[in-house]
Amino acid sequence: MSARPGIDFPGVGCGLVIERTDGHILLYRRVKAPEAGYWNIVGGKVDPMEHSAAAACREAEEETGLSIGSVEFLCLSEQIIEADGQHWLSVIYRTRDFTGTPRLTEPDKLSELGWFSPDTLPEPLSRFTRDAVAHLAKV
């Protein structure tokens, strides 16, 4: 059995805050651990030799069906999730440069999708989404 990132050693992840011009952000509800049932920004694992910004765009396009343009660095988030036995370092980016209408393209991973105002976010929020929202308030 090969070593599993996030479980056998800290994993490297990425996330992307997709923000409309009205300030609403795109969130989805996770189906699987870590943090199953939590609302989350789009994201996933960074593949070997893949830049984290490219991984964030790839994951966002796979998960939402949107076409992603330019992104900018937002923050770094570390999640140690003892309940799920996982440890991740996630590079989080932000974009307003996207086209298309989001949809659920991976129902085995995501159960719901919606646009939310940072003032009225659904609960529970994943740890790295909380970090991203806190940094959004600073920019």
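Listing for the model above:
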| item | result |
| --- | --- |
| Every residue from segment 86-110 that is of a type outside the set (S, T, N, Q), within 21 Å of SER70 (Cα to Cα) and in a strand (DSSP E or B) | VAL91, ILE92, TYR93, ARG94, PHE98 |
| Among (1) under 16 Å from the mean Cα position of the chain (by Cα); (2) closer than 20 Å to ARG94 by Cα - the single one GLY11 does not satisfy | (2) |
| Pairs where the first residue, in segment 7-35, is polar (S, T, N, Q) and the second is at pLDDT 95 or above and surrounded by fewer than 20 Cβ atoms within 10 Å (Cβ to Cβ), C-beta under 7 Å, 6+ apart | THR21/ARG96 |
| Filter result for VAL31 (in contact with a Leu (Cβ under 6 Å, 6 or more places away or on another chain), surrounded by fewer than 19 Cβ atoms within 10 Å (Cβ to Cβ) and either within 13 Å of THR129 (Cβ to Cβ) or not aromatic (Phe, Trp, Tyr) (or both)) | no |
| Criterion: in a helix (DSSP H, G or I), surrounded by fewer than 22 Cβ atoms within 10 Å (Cβ to Cβ) and without any contact (Cβ under 8 Å) to a residue 24 or more places away in the chain - qualifying residue of GLU61, GLU50 | GLU61 |
| Tally, over segment 1-29, of residues that are among the basic types (Lys, Arg) and modelled with pLDDT of 95 or more | 2 |
| Conditions (1) modelled with pLDDT of 95 or more; (2) within 23 Å of THR120 (Cβ to Cβ): number failed by GLU50 | (2) |
| Test for GLY44: is it under 13 Å from the mean Cα position of the chain (by Cα) and either modelled with pLDDT under 95 or not in a helix (DSSP H, G or I) (or both) | yes |
| Total residues in segment 89-106, condition touching a residue at least 60 places away in the same chain (Cβ under 8 Å) and closer than 18 Å to ALA60 by Cβ | 10 |
| Any hit, segment 46-53, residues being under 21 Å from LEU136 (Cα atoms), of a type in the set (Ser, Thr, Tyr) and touching a helix residue (DSSP H, G or I) at 6+ places or on another chain (Cβ under 6 Å) | no |
| Segment 32-41, subset of a type in the set (A, V, I, L, M, F, W, C) and modelled with pLDDT of 95 or more, residue nearest to SER77 (Cα to Cα) | ILE41 |
| Contacts under 6 angstrom Cβ, first residue in segment 111-139 being outside any helix (DSSP H, G or I), partner of a type in the set (D, E, K, R), 6 or more apart | SER111/ARG29; GLU112/ARG29; SER126/GLU35 |
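The values are calculated or read from the model by the stated rules, or taken from the named source; none is laboratory data. All of these numbers come straight from a predicted model, not from anything done at the bench. When we count neighbours, we look across all protein chains shown, and the Cβ atoms used for this are built from the backbone with ideal geometry, even at glycine.
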